[in-house]
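What follows is a short report on a single structure.
The values are calculated or read from the model by the stated rules, or taken from the named source; none is laboratory data. Values in this document were obtained by computation on a predicted structure and should not be read as measured data. Note: ideal-geometry Cβ built from the backbone for every residue, glycine included; neighbour counts use all protein chains shown. Surface areas here come from the heavy atoms of the whole protein model, side chains and all, with no ligands, DNA or RNA. Shrake-Rupley method; radii C 1.70, N 1.55, O 1.52, S 1.80 Å.
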Amino acid sequence: MHQLLTKLGVSAELQAFFNDPDGCFSYGNEQEIFGQGFHFVPLTKDIWMKGSYPATELIITSSAMEAIAYMALNAWRHPDASSLSFIAVGLRPQTEQLEWISRYCLKRKITLVFPNDLCGRVADIVVAAGIRQKPVRAVWQQTKVRLYVNSLSLDLAPEKVSLNVFEKAAAVRTAIRTRKPARSNTYLEQLIDENT
């Protein structure tokens with residue numbers, strides 16, 4: 001067991017499920033490293049993956065530690081961990097990752113767990129649309145977020161950016177849901193705040 005995860009309230013069963021006792025998580029040639037006072041998340045074209053195959057539900061996050069924190073705080077939502085698969089995409093979702101996930105996730109329920117800030121909400125849109133083979137490019141345009149999908153260009157005020165608003169404005173239905181922490185920007189921040 002990882003001493004820091006235990007201190008953060010991550011159960012022994014959950015640590016065994018994720019099976020990364022040293023705080024290092026492999027994304028192929030890159031590593032995510034979590035320790036006392038630091039968290040390094042790679043920018044990579046590879047993914048980190050844990051869980052069952054085939055799984056009925058896929059949970060996609062930006063980091064392995066966010067997946068662990070999400071489960072530590074939301075295990076009640078998923079009483080049967082054997083039906084789950086987790087994927088972390090790193091700091092910025094890449095086209096290659098989304099294409100692979102699109103092939104992997106056929107007929108699976110998908111939940112996105114990205115930060116509760118503007119970047120996290122844009123990641124929700126980019127990942128959900130990319131998985132559904134409707135690539136989105138997002139750019140900051142003066143005081144708005146401009147989203148390009150197909151031949152459509154959408155300008156959204158930062159406080160209005162969400163997967164739901166995007167789906168309605170672009171007439172795209174992804175059937176992918178999002179989960180956001182209520183009291184923090186990320187589930188990892190919430191877990192740390194509650195246990196230190």
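Quick check on the range 3-14: of everything there that is in contact (Cβ under 8 Å) with a residue 24 or more places away in the chain and in a helix (DSSP H, G or I), which residue is surrounded by the fewest Cβ atoms within 10 Å (Cβ to Cβ)? Of everything passing the filter in the range 3-14, Lys7 is surrounded by the fewest Cβ atoms within 10 Å (Cβ to Cβ). Residue count for the range 103-129 under the criterion of being modelled with pLDDT under 95 and within 16 Å of Asp46 (Cβ to Cβ): the result is 2. Does Ser26 fit the bill of being surrounded by 22 or more Cβ atoms within 10 Å (Cβ to Cβ), among the small types (Gly, Ala, Ser), modelled with pLDDT of 85 or more and under 29 Å from Thr95 (Cβ atoms)? No. Within the range 57-100, the only residue that satisfies the criterion of being among the charged types (D, E, K, R) and crowded, with 24+ Cβ neighbours inside 10 Å is Glu66. Residues that are in a loop (DSSP other than H, G, I, E, B) and touching a strand residue (DSSP E or B) at 6+ places or on another chain (Cβ under 8 Å) were ranked within the range 149-161; the one that is surrounded by the fewest Cβ atoms within 10 Å (Cβ to Cβ) is Ala157. Screening Val165 with (1) outside any strand (DSSP E or B); (2) over 30 Å from Phe18 (Cβ atoms); (3) among the aliphatic types (A, V, I, L, M); (4) touching a strand residue (DSSP E or B) at 6+ places or on another chain (Cβ under 6 Å) gives one miss only, at (4).
Rundown of residues vs (1) part of a strand (DSSP E or B); (2) open to solvent by 70 Å² or more (accessible area, probe 1.4 Å), yes/no style:
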residue	(1), (2)
Ser102	no, no
Leu106	no, yes
Ile110	yes, no
Pro115	no, no
Val122	no, no
Val139	yes, no
Leu147	yes, no
Glu194	no, yes
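Scan the range 1-59 for residues that are of a type in the set (Ser, Thr, Tyr) and within 18 Å of the chain's Cα centre (by Cα) and the total you get is 5.
Evaluating Ala129 against the criteria (1) crowded, with 20+ Cβ neighbours inside 10 Å; (2) more than 23 Å from Gln97 (Cβ to Cβ); (3) of a type in the set (Gly, Ala, Ser) leaves one unmet condition, (2). Across the range 35-55, the qualifying residues are those that are in a strand (DSSP E or B) and without any contact (Cβ under 8 Å) to a residue 24 or more places away in the chain, and the one among them that is surrounded by the most Cβ atoms within 10 Å (Cβ to Cβ) is Phe40.
If only residues of the range 164-192 that are under 30 Å from Lys7 (Cα atoms) and basic (Lys, Arg) are counted, the one that is surrounded by the fewest Cβ atoms within 10 Å (Cβ to Cβ) is Arg183. Taking Glu32, is it modelled with pLDDT under 95, surrounded by 15 or more Cβ atoms within 10 Å (Cβ to Cβ), touching a Phe, Trp or Tyr at 6+ places or on another chain (Cβ under 7 Å) and not aromatic (Phe, Trp, Tyr)? So Glu32 fits the description; yes.
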